[in-house]
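Scroll down for the structure; my scribbles are underneath it.
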Amino acid sequence: MKLKRGKFLGGFNRFRLMLTLGLAVLLPAAALIYINFTELRHFERDKVLEAYIHRDFQEMLAFTEKKIDKKVYTMAEEARDLFPSPDTTPQEKEQKLDQILSKSPWLSHAFLYDEKGLTYRTQPQQMSDKYIREEHEHMPESYRVWFGSEGKTMVEGLHHKTRPIAFSNVAQVKRAEGDAFTTTAVFVLPPVSSERIVFGGVTFEGCYLKQNLFPGVLEEMVNQKSSDQSGNQIAMMIYPANREMGHEIKPIAASSGWGDGKPEVMRKFDDVFGGLALGIKYQGTSVQQLGESWMHRSFLILGILSLLITGGLVLTKHIVSKEMALARLKSDFVSNVSHELRTPLALIRLYAETLELGRITTQEKKQEYYRIIRKESERLTALINNILDFSRIEAGHKEYEFRETDIANLVHNTLDSYRYQIEQQGFAFEEKIDSDLPAVRVDREAIARALVNLVNNALKYSADEKFLGVNLYRENGSVKLEVVDHGIGITRREQSKIFEKFYRTGDPLVHNTKGSGLGLSLVRHITQAHGGEVAVESIPGKGSKFTLSLPLQSANQQASGAVS
Ligand code: ADP
C-alpha cells in the first residue's frame, strides 16, 4: 500500500516536472528558435547591408570623379596660364604653344584661335605616330569651322562660368599602341576682353589618361578605402558608358585586383569625361555573396544557440531528475533506518523483559539472552555511529585522528569481536593477514568502522554460499585490505553507484535486508581521507570483493597534515 502511494507520488512529481519544463522553458525556447529561423528565411538577403554598401560605393564613385575632374581642370589651367596673347606674332604664338607642349607631355595638341585664325601645334615627339599626324592634319579645319560658327556663343558661355573652361565629350582615338579616349579643354584667356572671340585649347593625350591619370587616381582611392575598412578589398575601373547595355564591359583603366566581371555600382562622368563611366565592386566577391554569407553565418549562430539551449534543457532535466531520485532515496533511507532501529530495540526489550520476569532458569539460556542483548545493542551502536559519521561528513565536520598503528593487529582484533557471529550464521570464515606489515598512520576507529561495514555487507548480501574472506597484505607501496564473499554480487552498472549515499541495489535480497545505504559511502570517505581508494570487483550470483588500498607514503603525509 505504502509502496504504491510512493510510486504514485513519484510519477506525479515527474509529471509536474515535465509540465513545468515544457511550459516554462521548452515552449518559449522552441518558439524563439522557430520565430528566428522563419524571420531569417524571410529576410532572404540582408537588404539593409546591401543598400548600405551601395550607398557607400556611390559616394566613393562621386568622390573619385571629383578628384579626376579636379586634376584635369588644374592641368588645363596650368597650360592656360602659359598661353600667348592673341596679339603677338604668329611665330611667337607657335613658339609659346611648343613650349607648353614640351613642358606638358600629357598633352597631344595645343591651339589658339583668334581673329587672325587658328594656330594649331602638336607634340613633336608624337608626330611619329601616324594617327597623331592624321589628327594634326584634320583637326585644325574642323576647329576653324566650329569656332567660326559657334565662337560667339561659346565665348559668352565661357565667360559666365566660374572656371571658364569647357570640355568636349570624350572621343575615341586610334594610337599606335591601341585605342584610347581623349578630351579637349577649350577656354578663354583671362586677360583678353570678353568682346573678342579668342580661345585657347589643349587636347589630353589618350594614352596618358589610360596609362597614368586614370589608374593613378583609381589606385589611390582604392588604397585609401582599404586602409579604413577591415573587410573586403574593393576594385574600381573606368569604361566607355555607352558600351554598358548588353555589351561586354571592357575597362579602359582599372585599379589592381579588378579581374573581370561587372561592376556592382556604376556612375557616368558628367563633366570632364562625359561618355565614360566609373565602376566599383569587391575583389573576388559580390555584395550578394556577402549578404548570403551573412545569412549563413546567422543561421549557423542560431543553430549553435539552439543546440546550446537544447543541451541546457537536457542537462537541467538530468540534474532535476537526479535531485528527485536523491530525494526519493532520502525518504527510503528514513523508513529503512527507522526499521533498523526498531528491530534491535524490540529484541532487546523482549529479551530483557523475559529475563526480568525470572522465567529463565538455566544459566545457559540466560547467557544466550545476554549475548543477544549485547549483540543487538552493538548493532544499534554501529548504525547510530554510521549515521553520526555520515552527518559529520555531510556538514564537513568529520575529523580524523591519525596514529601510528599496527594495522594487522587492528584488523585481527576487529574481526575477533565478530568471529562468533560470523560462524554462528554458518559462514566459512578465512582470515589471511601478512605478518611483516609496517606500522601505518591511520585513524583506528575509522578503519575499524570501514572494515565492519564491509564485513556486515558480506554477511547481509550472501544467500546460499556463505563464505567470508578477509585478506591483509602489502603491495606496491600500499597496504591492501580485502573483504571477499560468495554472495549475490553486484551488476557492473550498479558497481559505480553503490558508493553513493543512500544508494541500494535493486536485488530482492537487498530489499528484504535492512540497511541505510550509507555504509559504502562512509567506507569511501574514510579511505579517501587516508589518501587511498576503494574498489569493487563483483560478478552477480558469484560474489564480490571489496579492496581498500591505503598508501603507506601518502597515509603518513596525510597524518602529519592532519595533526599539524
Ligand atoms: P546498506 O548495506 O546499508 O544498504 P551500503 O552503503 O553498505 O548500504 O551498501 C550499498 C548497497 O550496495 C547495498 O544496499 C547493496 O545493494 C550493495 N552491496 C554492498 N555490499 C555488497 C555485497 N558484499 N554484495 C552485494 N551487494 C552489496
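The values are calculated or read from the model by the stated rules, or taken from the named source; none is laboratory data. Source: prediction; values computed, not measured. We place every Cβ from the backbone using ideal geometry, glycine too, and count neighbours over all the protein chains shown. Accessible surface areas use protein heavy atoms only, side chains included; no ligands, DNA or RNA. Shrake-Rupley method; radii C 1.70, N 1.55, O 1.52, S 1.80 Å.
Which of the pairs Lys375/Lys466; Lys103/Lys225; Lys130/Lys268 have their Cα atoms more than 27 Å apart in this structure? Could the numbers behind the result be given before it?
Numbers: Lys375/Lys466 20 Å; Lys103/Lys225 33 Å; Lys130/Lys268 31 Å.
Checking Cα-Cα distances, Lys103/Lys225; Lys130/Lys268 exceed 27 Å.
Please give, to one decimal in nm, the separation of the simple spin-label points placed at Gln528 and Tyr131, each 7 Å out from Cα toward the Cβ.
With each label placed 7 Å out from Cα toward Cβ, I get 9.0 nm.
Please work out the C-alpha center-to-center distance from the range 176-228 to the range 247-322 and express it in whole Å.
36 Å
Name the residue from Leu302, Ala241, Gly157 whose Cα lies farthest towards the positive end of the charge dipole of the chain, charges +1 on Cβ of Lys and Arg and -1 on Cβ of Asp and Glu.
Of Leu302, Ala241, Gly157, it is Leu302.
In cubic angstrom, how much convex hull volume per residue do the alpha carbon atoms of the range 38-139 span? Mind showing how you got there, number by number?
Details: hull volume 17.3 nm³, N = 102.
Taking the convex hull of the Cα positions in the range 38-139, it is 170 Å³ per residue.
Report, in degrees rounded to the nearest 10, the 0 to 90 angle that the Cα long axis of helix 407-424 makes with the longest principal axis of the chain.
Rounded to the nearest ten degrees, it is 60.
Using only DSSP helix segments of four residues or longer, with each worth -39500 (n - 2.57), what per-residue ellipticity at 222 nm results for the chain after dividing by its residue count and rounding to 500?
Values: 14 runs with 302 residues, N = 564.
Using -39500 (n - 2.57) per qualifying helix, the result is -18500 deg cm²/dmol.
Mind running the shape call on the range 328-417? Use the C-alpha gyration tensor, a ≥ b ≥ c as the square roots of the eigenvalues: rounded below 1.5 for a/c, prolate if a/b tops b/c, oblate otherwise.
Working: a/c = 3.52, a/b = 1.40, b/c = 2.51.
Taking the square roots of the gyration eigenvalues as a ≥ b ≥ c, the range 328-417 is oblate.
Round to the nearest 10 and give me the degree value, 0 to 90, for the angle of helix 287-357's Cα axis relative to the longest principal axis of the chain.
Helix 287-357 and the main axis of the chain meet at about 10 degrees.
For the range 159-204, with every protein chain kept in place, what is the accessible area per residue (1.4 Å probe, Å²)? Intermediate values should be presented prior to the final figure.
On the way: 2120 Å² over 46 residues.
Accessible area per residue: 46 Å².
Separation between the Glu177 and Ser321 pseudo-spin-labels, each 7 Å from Cα along Cα→Cβ, expressed in nm?
7.9 nm
Keeping all protein chains in position, work out how much accessible area Leu300 exposes to a 1.4 Å probe, and write it in Å² to the nearest 10.
Approximately 110 Å² for this residue.
Rounded to the nearest percent, how much of the accessible area of the chain (1.4 Å probe, protein heavy atoms only) is carbon and sulfur?
Working: 17150 of 31650 Å².
Ligands and nucleic acids excluded, carbon and sulfur give 54 percent.
Taking the alpha-carbon centroid of each part, what is the distance from the range 417-487 to the range 143-167 in angstrom?
Each part reduced to its Cα centre gives a spacing of 120 Å.
For the chain, what is the largest minus smallest coordinate of the Cα atoms on each principal axis, given in angstrom and ordered from greatest to least?
Cα extents, longest axis first: 165, 56, 39 Å.
Note down the nm distance, to one decimal, between modelled labels 7 Å out along Cα→Cβ at Ile539 and at Thr162.
For the pair Ile539/Thr162, the computed spacing is 10.4 nm.
Rolling a 1.4 angstrom probe over the protein chains, ignoring ligands and nucleic acids, what is the accessible area of Lys225 in square angstrom, nearest 10?
Taking all protein chains as shown, Lys225 has close to 40 Å².
Only Lys, Arg, Asp and Glu count, each charged at its Cβ (+1, +1, -1, -1), so figure out the dipole size of the chain about its Cα centre, rounded to 20 debye. Numbers along the way, then the final one.
Values: 72 positive and 71 negative charges, 627 e Å.
The calculation lands at about 3020 debye.
For the chain, give me the percentage of DSSP beta bridges that are antiparallel, rounded to the nearest 5 percent. Walk me through the intermediate numbers first.
Numbers: 62 of 69 bridges.
The antiparallel proportion sits near 90 percent.
So, R0 is 41 Å and r is the distance between the beta-carbons of Arg297 and Leu27; what FRET efficiency does that work out to, to 0.05?
Working: r = 28 Å, r/R0 = 0.67.
With R0 = 41 Å, the Cβ-Cβ based efficiency is 0.90.
If you fit an axis through the alpha-carbon atoms of helix 519-529 and take the longest principal axis of the Cα set of the chain, what angle between them do you get, 0 to 90°, nearest 10?
The answer is roughly 60 degrees.
Can you tell me what percent of all Cα-Cα pairs in the range 382-421 are more than 17 Å apart? Display every interim value, and only then the final one.
On the way: 431 of 780 pairs.
Percent of Cα pairs beyond 17 Å in the range 382-421: 55.
Largest first, please: the extent of the C-alpha atoms of the range 305-460 along each principal axis, to the nearest Å.
Projected onto the principal axes, the Cα atoms of the range 305-460 cover 81, 48, 32 Å.
Could you tell me which GluC sites (Glu not before Pro) in the range 77-180 are loop residues by DSSP with no more than 15 other beta carbons within 10 angstrom of their beta carbon?
On the way: sites: Glu77, Glu78, Glu92, Glu94, Glu115, Glu134, Glu135, Glu137, Glu141, Glu150, Glu156, Glu177; in loops: Glu115, Glu177.
In loop regions of the range 77-180 (DSSP not H, G, I, E or B), the sparsely surrounded GluC sites (Glu not before Pro) are Glu115, Glu177.
I'd like to check one number: the per residue accessible area of the range 319-414, probe 1.4 Å, reported in Å² as a whole number. Don't jump to the answer; show the numbers that get you there.
Numbers: 6330 Å² over 96 residues.
Normalised by residue count, the accessible surface of the range 319-414 is 66 Å².
Quick one: order Leu49, Leu17 from most to least accessible surface, probe 1.4 Å.
Details: Leu49 50, Leu17 30 Å².
Listed by decreasing accessible area, they come as Leu49, Leu17.
Which of rounded, prolate or oblate describes the range 395-451 when judged by the alpha-carbon gyration tensor and an a/c cut-off of 1.5? Intermediate values should be presented prior to the final figure.
Working: a/c = 3.52, a/b = 1.46, b/c = 2.42.
Here the range 395-451 falls in the oblate category.
Quick one: accessible surface of Tyr503, probe radius 1.4 Å, all protein chains present, in square angstrom to the nearest 10.
50 Å²
Counting only Cα atoms, I'd like the Rg/Rh figure for the range 225-370, Kirkwood definition for Rh. Please report the intermediate quantities before stating the final value.
Numbers: Rg = 44.9 Å, Rh = 24.4 Å.
That ratio equals 1.84.
Magnitude of the Cβ-charge dipole of the range 174-321, K/R +1 and D/E -1, about the Cα centre, nearest 20 debye? If you can, show how the numbers build up before the last one.
Details: 13 positive and 14 negative charges, 79 e Å.
For this selection, approximately 380 debye.
How many percent of all Cα-Cα pairs in the range 144-226 sit more than 20 Å apart?
Working: 1693 of 3403 pairs.
When every Cα pair of the range 144-226 is considered, 50 percent fall beyond 20 Å.
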